[in-house]
Amino acid sequence: LVRSVNGGEIPDDEPSSVWRERVVPGRFEGRTVVVTGAASGIGRATASRIARERGRVIAVDLAAQGLEQLANGLPDADIVPVTADLTRPESIDGVLEAAGPRVDALANVAGIVDDFSPLHEVTDEAWAKIFAINVDGLFRLSRAVIPLMLEAGRGSIVNVASEAALKASTSGTAYTATKHAVVGITQSSAFMYGPQGLRVNAVAPGPVATGISGGMSMSEFGRERTGGFLQLMPPVSTPEQLAASITFLLSDDGVNVNGAVLPSDGGWAVQ
Ligand code: NAD
């Protein structure tokens, strides 16, 4: 058993069933929102929520099938799937083309965690691979979208960081370094673009039940990450719970929040 985000005990592979998503009708009406990592997990839940709140979603991912499932699951929604490998600089053009001249908001969600090594065991290849998507992809897409937001005099960006950017984590040095970079990009951009009407925030999830653990249960994943050592398992969130935090910051509900790194982890960051 693990503790649910709401305090009760739940089977360790079954995230909290206490909370129910409540769509805010029309919150993204008239808005074009680019969401990366939209084929699965947190990105998909975010894209789905924005689409159901009447936003036009540019849904970007490597995985064409997941994007198709997202769009097919919401036939009345305005979802433009863009299959793209964000580690490739040329992929950015396809995203901008699909979006058109106006992008109101951007959720940089796509990312990987595939190397849990301590620093002295990290290979050059593993280091480059994880930075290529978690940092370089996020950087390039933001660089392409920000001029459109500056022209409009408004815009909101949410970058998905991790608990690994807030506290000691077992996610490996390379992953931890990428998520610290995400926070650095977020805070620097919030500071520089705030006066021009842009907001740039980050969300720091704890463990979320998604495909990122490679099909392992969250408890197996936790054991793997700690080399078999026992550790207190943190609360496991659902992708929809993360989408609630991300869409809050992306939408006008987050109007007064800029440069924040919001833990969205059921309280794990303060433990
Ligand atoms: P996920 O694996 O379900 O989703 C990630 C998506 O990113 C996938 O659909 C994948 O195809 C896409 N992607 C990966 N590389 C890509 C590339 N080069 N180009 C385009 N798309 C690419 O995982 P998730 O848990 O939803 O992860 C989303 C974000 O949340 C990541 O940035 C991750 O680091 C972060 N995060 C997740 C957890 C967790 O426990 N799940 C915890 C902290 C932070």
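All of the numbers you see were taken from the coordinates with simple rules; none came from a lab. Here the structure is a predicted model, which means the values were calculated and not measured. Counting neighbours? That spans all protein chains shown, and the Cβs are built from the backbone with ideal geometry, glycine included.
Here are a few things to note about the model shown:
- The chain - charge dipole about Cα centre, Lys and Arg +1 at Cβ, Asp and Glu -1, debye rounded to 20: 740
- Taking amide H atoms as placed 1.01 Å from N in the peptide plane, the amide H of ILE157 lies under 5 Å from those of LEU106, ARG199, VAL200, ASN201, each 5 or more residues away in sequence or on another chain.
- Charge-dipole axis of the chain as Lys and Arg at +1 and Asp and Glu at -1 on Cβ define it, positive-most pick from ALA204, VAL122, THR178: ALA204
- In this entry, the chain is assigned a mean projected area of 13.6 nm², taken as a quarter of its C-alpha convex hull surface.
- Among ALA161, ALA59, ALA99: highest mean-square fluctuation, GNM of the chain, C-alpha pairs under 10 Å: ALA99
- Charge-dipole axis of the chain as Lys and Arg at +1 and Asp and Glu at -1 on Cβ define it, positive-most pick from VAL255, GLY26, SER189: VAL255
- The stretch 19-90: GluC sites (Glu not before Pro) in DSSP loop, at most 15 other beta carbons within 10 Å: GLU21, GLU29, GLU90
- For the stretch 65-205: rounded, prolate or oblate by the Cα gyration tensor [a/c cutoff 1.5]: oblate
- Helix 173-193 vs. the chain, principal-axis angle (Cα, 0 to 90°, nearest 10): 30
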